[in-house]
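J.: Sharing a structure below in structure tokens format, with a few things to ask.
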Amino acid sequence: MLVHLIVWLRFPELNMVYHNEAVLMAIGSMIGNPIRVDRNTMEASRGHFACICVEINLNWPLVGKFSLDDKWHRIEYEGLHLICTHCGCYGHKKDSCASRVLSDEGTA
């Protein structure tokens, strides 16, 4: 079953130099289907992080970071709190991750 969700993404460590629509939409396309850039980001009234709205597929692992100019940048998903840090999927935490249990059994 395909589950598409529209979410806001935050890039807390992104330099203000990259706070323009073309760059942010390109970054958004690496994560999902970009919808729009936050108005506060475009007006530079929120200098601590950039924000973009993206449609994502919850059946696929979520992207946790991206590389730009040889530096890795974290991605925060607003409103999504159950993200596994092992497999990147939404809906469970690392301690109950089925792929982690299977990989742990393979090494035993």
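The values are calculated or read from the model by the stated rules, or taken from the named source; none is laboratory data. In this text, all values refer to a predicted model and were calculated from it rather than measured experimentally. Ideal geometry is used to build each Cβ from the backbone, glycine not excepted, and the neighbour counts take in all protein chains shown.
J.: State yes or no: is Trp60 touching a Lys or Arg at 6+ places or on another chain (Cβ under 9 Å) and over 11 Å from Trp8 (Cβ atoms)?
T.: no
J.: Give the residue that is farthest from Val3 (Cα to Cα), with candidates limited to residues of region 27-68 that are in contact with a strand residue (DSSP E or B) (Cβ under 7 Å, 6 or more places away or on another chain) and among the β-branched types (Val, Ile, Thr).
T.: Filtering region 27-68 for residues that are in contact with a strand residue (DSSP E or B) (Cβ under 7 Å, 6 or more places away or on another chain) and among the β-branched types (Val, Ile, Thr), the one farthest from Val3 (Cα to Cα) comes out as Thr41.
J.: Sort out which residues of region 36-57 are surrounded by fewer than 15 Cβ atoms within 10 Å (Cβ to Cβ) and closer than 11 Å to Arg10 by Cα, and write them in order of number.
T.: If the condition is that a residue be surrounded by fewer than 15 Cβ atoms within 10 Å (Cβ to Cβ) and closer than 11 Å to Arg10 by Cα, then His48 is the only one that fits.
J.: Right, something else. Please enumerate the residues belonging to region 67-97 that are among the hydrophobic types (A, V, I, L, M, F, W, C) and surrounded by 11 or more Cβ atoms within 10 Å (Cβ to Cβ).
T.: Residues satisfying the conditions are Leu68, Ile75, Leu80, Ile83, Cys84, Cys87, Cys89, Cys97.
J.: Let me ask something else. So Pro12 passes all but one of these: (1) touching a Lys or Arg at 6+ places or on another chain (Cβ under 7 Å); (2) surrounded by 14 or more Cβ atoms within 10 Å (Cβ to Cβ). Which condition number does it fail?
T.: Only one criterion in (1) touching a Lys or Arg at 6+ places or on another chain (Cβ under 7 Å); (2) surrounded by 14 or more Cβ atoms within 10 Å (Cβ to Cβ) is unmet by Pro12, namely (2).
J.: Within region 23-35, is even one residue under 26 Å from Cys97 (Cβ atoms), small (Gly, Ala, Ser), within 10 Å of the chain's Cα centre (by Cα) and buried (at least 17 other Cβ atoms within 10 Å of the Cβ)?
T.: yes
J.: Test of understanding: among Glu13, Glu43, Glu76, which residue is modelled with pLDDT of 90 or more and charged (D, E, K, R)?
T.: Within the list Glu13, Glu43, Glu76, the selection yields Glu76.
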